[in-house]
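Comments concern the structure below.
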Amino acid sequence: MEPTANPRERRHRYGMVIDLDRCTGCGACTVACSVENNVPPPPERSTERTGVVWIRVSEAQDPRPAGARSVFVPVPCQQCDDPPCEKVCPQRAVELDPKTGIVAQVAVRCLGCRYCMAACPYHARSFNWFRPEWPDGTAALLNPDVSVRQRGTVEKCSFCAGRLQAAKAKAAAAGSREIDPADYVPACVEACPSRAIVFGDLEDPSSEVARLARESESFRLLPALGTRPKVLYRSVEPWVRASLSQPEVSRG
Amino acid sequence: MDEPLIARGLRRTTLPRFLLWLAPWAALLALGAWAIFLCFAEGLNQTNMDNRFAFGLWIYLDLTVIALGAGAFFTGFLLYVLKRKELRAVVNSAVVLGFLCYSGAILILMVDVGQPLRAWFTFWHPNVHSMLTEVTFCLTCYLLVLAIEYAPVVLRSRKLRDLLSLLVLEHQLHKVMAVFAAVGTFLSFFHQGSLGGLYGVMNGHPFSYRASLGIWPSTFFLFILSAAAAGPSFVLLTTWVVSKLSRKELVKPEVLRFLGKVSGWLLLVYVGAKGVDSLVWLNATSPRAGVSPASFYAYPSFGTWILFLEVVVLGLVPALLLVSERARARTGLLVLASALACCGVALNRFVQTIQTQALPTLPFDAFLSYSPSWQETAAFLFVVAYGVLVYSISFRYLVLFPEERELAKG
Amino acid sequence: MLPWNPDFIPATSTYLFLGAFFAVVAVVATTLGVAALRAFRDVSRGRAATVRWLEEFEELPEEARACRHALTGELPGRICPRAFACSGCERHARLVAERSGDPAAAPPADSLFGFDFPSDRLYHRGHAWARPEEDGSVTVGLDDLSSRIVGALDAVVLPGPGERIAENGPAFRLHKGSARVRVAAPVTGTVVETGGPGRDFYLRVRPDAPFDGASLLSGREVAAWVLREWDRLQVVLAGPRAVPALADGGVPLADLSKTVPDAERDRVLGEFLLDP
């Protein structure tokens, strides 16, 4: 069913591990992401629920009665291996690339029905409720490697697919089939001042991200739903791990 | 004034009074059209939907009117395939209602999607695993079938029957109507089911996710059953309302009782299946997704009362009333029970659409509420007004109830 | 959607889904095509008027669809299943064969209950008559009972010479006030001459085939039918809204049209002349 990958081409499973103990909730990742991916600035009339955001930083409270602590949780698209959004899209505007594991949103094919948004338990998708506008000449600062999206379409984190393309082009120019991992780092990873996000190929056992993913401090959001995200979180705090890997509704 | 257009032997009010009745609905239609224009011109920021509440009033409306519009396929199926001749008395009205429900739903769906001009992409690049693909294909085909079923009623009107070649086409169409009724039934099964599947497959939302029976989640079958049960009730209810508003006897009382009986037995089967499904969902499916079922009803707006209301008050009660011959014999109870049945299905669609999205999934999510903007409400009323207008005009100029002429003689 | 699309996924699920879709489209298109072809055939064979009559016949109330042998009491209560096309009816053929030589079939009186129903002509159930003339043509007119119900007309719309009329199709149209009714033709043929209310016929028609009037009423059937139509008139007049009833058993009124209120005329004439 899926297109057979060229056997000579190595398969990748790009993923990230976000260290919640390091995250300060500064929001640099969100800003860097928006700049990199031509995410339009929110218009005045928008609310935090109607703007476009590819990586949202939420705050989770310690659910225990005595707990006064909280933790910041950056939530990009979780890049599921079994994405609920992909199977519900009526016109294949969501594609899971078997060669990279990246779930892509094909903006030009999106109908804007928002079924994928309803299906995503991580609320990692945004709809263009407003016409994207770049005021005061900021349009000149748009990233030429990433296309802008239209009003009425859904968008989400692509693991900076534009950067992957650039890395591939660079490798091809050098006569190589494989990219140099150092050439492909998403904007949020690069921008994080506390280096909380580690990105890489989960398929490559020697990569740092694969090593971190195997550690017992790492966990996924809502693992029981069977979506198998490639974005993992880690924390040495047991309460963080316990409370974040359980769905909210389990506590009622 | 317009008497030459009204079928001979039908008594209709005078044209000025008729126009007076249409006027407020036309005003509502105009308001709705303005709201729809705003949504097209300004974008969907005119609504109160957002990234969390991606579906709102409109999707709820679509699901409800399509469930109620099931009366068209079920009446056609009983009449043309199972040869229940007595339903000839209501089939025209049922077809018009079905056509209005489906065309209204598709219309509002086109406002609801962000890029309506890309709707054809679903046909060109279909994802055959998506429930919405099935819905899109079936709705489009079924609207075509409904239009074909509506056409003869229009072509038989007093003025158009003078166009002899069209009347001959009508005659020949009527002869093959059983084929269209059967195709309509096939399509209805799939899209009513797929609308249920829409929510049943969402494994991201344990509240709406259901275990699969074969390749479809259980809601697929529950939606078919509930729509088939509500459809005849809706035909019954509208016939009664039109009869009261026009102060005319439109069908023999036995026809309404038969519709009630069909509705009642189907509803009873549905309530049974829904009960079993709820038990499996609460005791097996949800715990497997790491969710305590009590949490679904832990938020103030949606307590367990909503489940009780849906399954017992608006499910079991009307089902028992409608299967009881003694209750059916009393028109008041018959109409009340069918109204309850329609409300039950509407509540079910509400729960599936709204409660699903209101409940949080992530540990740091909040329970969210949503209330539609005036533009959403006006667009909703646009569909209602469109339905009332087209139905009123059809009722005046077409023969929707063939027995009316005979009954008028008393 | 189509196998040669670059993004077509050749998988079982695709074939099942699109197979079902194309099957539905094919069934709908074929059925529509069959209906359209048949309609085209009907029209090109000139059956349109017959089809129209079949449709109208279905809409008539039961009492207007009684079998001619129900009128005479031979088959009590029988409803005609053939839209008054008696020539292919087996039961009719059998009854006619049994009836031959029956002295009861003697020529009836020309006057029935005060109405003129001359025995030199045959009667259509929609109250047109047909009289075979010596030159092979057939004259067509409106019978006395309906003439008196209609009364003075505002207009009569007659087909011109050379136009064709078909049995059970519209022969001519009557206008009075807001009422517009057609009178069904008792014969198929070409109009050669037009008359009108002032003359003794409305149309002279050259029939396509030698005229036999197999589906028209004649002989003693006429009296039974007129009696029944008289009863039906009371029902039609009574209608949904109470209208002064005709005097029971009295002498027929010279101008029955006065008993038909203006507002009801269209309905009454339509129901009485079998134009639903």
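The values are calculated or read from the model by the stated rules, or taken from the named source; none is laboratory data. Keep in mind the model is a prediction, meaning the values are calculated, not measured. Don't worry about glycine lacking a Cβ; one is built from the backbone with ideal geometry, like all the others, and counts go over all protein chains shown. Heavy atoms of the whole protein, side chains included, go into the accessibility calculation; ligands, DNA and RNA do not. Shrake-Rupley method; radii C 1.70, N 1.55, O 1.52, S 1.80 Å.
Using beta carbons and a limit of 7 Å, which pairs, at least six apart or on different chains, have the first residue in region A:159-177 and within 26 Å of A:I55 (Cβ to Cβ) and the second one among the basic types (K, R) and open to solvent by 10 Å² or more (accessible area, probe 1.4 Å)?
Close Cβ pairs (under 7 Å, with a partner that is among the basic types (K, R) and open to solvent by 10 Å² or more (accessible area, probe 1.4 Å)) do not exist here.
Spot the failing condition for A:C160; the list is (1) closer than 26 Å to A:R92 by Cβ; (2) open to solvent by 60 Å² or more (accessible area, probe 1.4 Å), and only one is missed.
If we test A:C160 against (1) closer than 26 Å to A:R92 by Cβ; (2) open to solvent by 60 Å² or more (accessible area, probe 1.4 Å), just (2) comes out false.
Condition check ((1) out of contact with any His (no Cβ under 8 Å at 6 or more places or on another chain); (2) modelled with pLDDT of 95 or more; (3) not β-branched (V, I, T)) across all residues:
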| position | (1), (2), (3) |
| --- | --- |
| B:A147 | yes, yes, yes |
| B:S157 | yes, no, yes |
| B:V168 | yes, no, no |
| B:H171 | yes, no, yes |
| B:N203 | yes, no, yes |
| B:L225 | yes, yes, yes |
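On the basis of being more than 26 Å from B:M49 (Cβ to Cβ) and away from every other protein chain (no Cβ under 11 Å), does B:R326 make the cut?
yes
Output the number of residues of region B:186-204 satisfying the condition of being facing another protein chain (nearest Cβ under 9 Å) and among the hydroxyl-bearing types (S, T, Y).
Of the residues in that region, 1 qualify.
Among the residues of region B:285-301, which ones are assigned to a helix (DSSP H, G or I), at the interface with another protein chain (Cβ under 7 Å from one of its Cβ atoms) and crowded, with 17+ Cβ neighbours inside 10 Å?
Scanning region B:285-301 gives B:S295, B:F296.
I need the helices (runs of 4 or more DSSP H) fully contained in region A:88-194, keeping only those with at least 2 residues that are more than 12 Å from every other protein chain (Cβ to nearest Cβ), among the β-branched types (V, I, T) and within 17 Å of the chain's Cα centre (by Cα).
none
Give the residues of region B:196-214 that are touching a strand residue (DSSP E or B) at 6+ places or on another chain (Cβ under 8 Å) and part of a loop (DSSP other than H, G, I, E, B), sorted by residue number.
Scanning region B:196-214 gives B:V201, B:Y209, B:R210, B:A211.
How about region B:302-348: which of its residues are outside any helix (DSSP H, G or I) and polar (S, T, N, Q)?
B:S324
Can you go through B:V251, B:V269 and tell me which one is in contact (Cβ under 8 Å) with a residue 24 or more places away in the chain, hydrophobic (A, V, I, L, M, F, W, C) and not in a helix (DSSP H, G or I)?
Exactly one of B:V251, B:V269 is in contact (Cβ under 8 Å) with a residue 24 or more places away in the chain, hydrophobic (A, V, I, L, M, F, W, C) and not in a helix (DSSP H, G or I), namely B:V251.
Could you run through region B:244-268 and say how many residues are out of contact with any helix residue (DSSP H, G or I) (no Cβ under 8 Å at 6 or more places or on another chain) and either of a type in the set (A, V, I, L, M, F, W, C) or open to solvent by less than 50 Å² (accessible area, probe 1.4 Å) (or both)?
Adding up the residues that qualify gives 1.
Yes or no, residue by residue, for (1) within 14 Å of chain A (Cβ to nearest Cβ); (2) assigned to a helix (DSSP H, G or I):
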position	(1), (2)
B:T356	yes, yes
B:T361	yes, no
B:F367	yes, no
B:Y370	yes, no
B:Y386	no, yes
B:V390	no, yes
B:F395	no, yes
B:P402	no, no
B:E406	no, yes
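For the subset of region C:236-259 comprising residues that are open to solvent by less than 50 Å² (accessible area, probe 1.4 Å) and within 14 Å of chain B (Cβ to nearest Cβ), which member is modelled with the lowest pLDDT?
If we take residues in region C:236-259 being open to solvent by less than 50 Å² (accessible area, probe 1.4 Å) and within 14 Å of chain B (Cβ to nearest Cβ), then C:V243 is modelled with the lowest pLDDT.
Please determine whether any residue of region A:49-62 is more than 13 Å from chain B (Cβ to nearest Cβ), touching a residue at least 60 places away in the same chain (Cβ under 8 Å) and open to solvent by 10 Å² or more (accessible area, probe 1.4 Å).
No, region A:49-62 has no match at all.
Scan C:E74, C:E90 and give me the residue that is more than 10 Å from chain B (Cβ to nearest Cβ) and free of Cβ contacts under 8 Å to residues at least 12 places away in the same chain.
Result of the check over C:E74, C:E90: C:E90.
Do we have any residue at all in region B:49-66 that's farther than 18 Å from B:T377 by Cβ and in a helix (DSSP H, G or I)?
yes
Of all residues in region B:302-323, which are open to solvent by 20 Å² or more (accessible area, probe 1.4 Å) and touching a residue at least 60 places away in the same chain (Cβ under 8 Å)?
Result: B:V323, single match.
Check C:D231, C:D208 and return the single one that is out of contact with any Cys (no Cβ under 6 Å at 6 or more places or on another chain), free of Cβ contacts under 8 Å to residues at least 24 places away in the same chain and within 26 Å of C:A64 (Cβ to Cβ).
That would be C:D231, the only listed residue that is out of contact with any Cys (no Cβ under 6 Å at 6 or more places or on another chain), free of Cβ contacts under 8 Å to residues at least 24 places away in the same chain and within 26 Å of C:A64 (Cβ to Cβ).
Of the numbered conditions (1) away from chain A (no Cβ under 14 Å); (2) surrounded by fewer than 20 Cβ atoms within 10 Å (Cβ to Cβ), B:V183 satisfies every one except a single condition; which is it?
Failed condition: (2).
Please find, among B:L68, B:L107, B:L20, the residue that is free of Cβ contacts under 8 Å to residues at least 12 places away in the same chain and open to solvent by 20 Å² or more (accessible area, probe 1.4 Å).
B:L20
Determine which single condition A:R228 fails, assuming it passes every other condition in (1) open to solvent by less than 40 Å² (accessible area, probe 1.4 Å); (2) touching a residue at least 60 places away in the same chain (Cβ under 8 Å); (3) within 14 Å of chain B (Cβ to nearest Cβ); (4) not small (G, A, S).
That leaves (1) as the condition not met.
I'd like the full set of residues that are under 13 Å from the mean Cα position of the chain (by Cα), open to solvent by less than 40 Å² (accessible area, probe 1.4 Å) and more than 9 Å from every other protein chain (Cβ to nearest Cβ), limited to region C:43-71.
C:W53, C:F57, C:L60, C:A64, C:A66, listed by residue number.
Return the only residue of A:Q91, A:Q105 being of a type in the set (S, T, N, Q), out of contact with any Gly (no Cβ under 6 Å at 6 or more places or on another chain) and touching a residue at least 40 places away in the same chain (Cβ under 8 Å).
A:Q105
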